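Each remark here refers to the structure printed beneath this line.
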Amino acid sequence: METTLRGNTPPTSGLSGNTDGALNKASSGAHSAVNPIAGAAKPAIDRVAARAHQAVDSAAGAAAPTADWLAQQRESLNAAQKKLVADTCSYVSANPLKSVGIAVVAGFLLSRFITFRFELLDRGEQIGKFGGQR
C-alpha cells in the first residue's frame with residue numbers, strides 16, 4: 001500500500017478510516033473548546049493594551065515640559081560656561097604671577113586632602129557620610 005503526503009498531513013499507513021475519523025473528531029472538539037476561550041480573552045487583552053498605551057501617553061506628556069526646561073537650562077549653562085572661561089582668561093592675562101600662585105596653592109591643598117583621606121582609609125577609619133568603610 002502506497003501513502004501520499006498532502007501538505008502537513010502525516011502519513012496514515014496502517015491507520016483505519018475509524019482512527020482518522022476519531023482523530024478529526026478529537027481535533028474539532030479541541031478547536032471548539034479553545035475558540036470560545038480565545039474569544040473571551042481578546043477583550044481583556046485589548047483592555048490591557050489600551051491601558052498600556054494610556055500609560056505611555058501620560059508619561060510622554062509629563063516628560064515633554066521637563067525636556068523643554070532642560071533644553072532652556074542647557075542654553076543658560078552653556079552661556080554661563082562661556083562667560084566663566086572668558087573671565088578666567090582675561091584674569092590670567094591681567095595677573096599671570098598671581099594666577100600661577102593660586103593654581104599652586106590649590107593643587108597643594110587638593111593633594112593634601114586626597115592624601116589625608118587615603119591615610120584614614122588605610123587605618124580603617126570611616127570618612128564622612130558616604131566614604132570609607134563601615
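Looking at segment 91-114 only, could you name the residues that are polar (S, T, N, Q), assigned to a helix (DSSP H, G or I) and surrounded by 10 or more Cβ atoms within 10 Å (Cβ to Cβ)?
Those that are polar (S, T, N, Q), assigned to a helix (DSSP H, G or I) and surrounded by 10 or more Cβ atoms within 10 Å (Cβ to Cβ): Ser99, Ser111.
With the checklist (1) aromatic (Phe, Trp, Tyr); (2) surrounded by 10 or more Cβ atoms within 10 Å (Cβ to Cβ); (3) at pLDDT below 90 in hand, flag the one item Phe130 doesn't pass.
(2) is the only condition that Phe130 fails.
State all residues of segment 21-45 that are among the aliphatic types (A, V, I, L, M) and within 38 Å of the chain's Cα centre (by Cα); if no residue qualifies, say none.
Hits for segment 21-45 are Val34, Ile37, Ala38, Ala40, Ala41, Ala44, Ile45.
Which is exposed (fewer than 10 other Cβ atoms within 10 Å of the Cβ) and β-branched (Val, Ile, Thr), of Ile45, Ile37?
Of Ile45, Ile37, the one residue that is exposed (fewer than 10 other Cβ atoms within 10 Å of the Cβ) and β-branched (Val, Ile, Thr) is Ile37.
The values are calculated or read from the model by the stated rules, or taken from the named source; none is laboratory data. All values derive from a computational prediction rather than experimental measurement. No Cβ is skipped: glycine too gets one built from the backbone with ideal geometry, and neighbour counts run over all protein chains shown.
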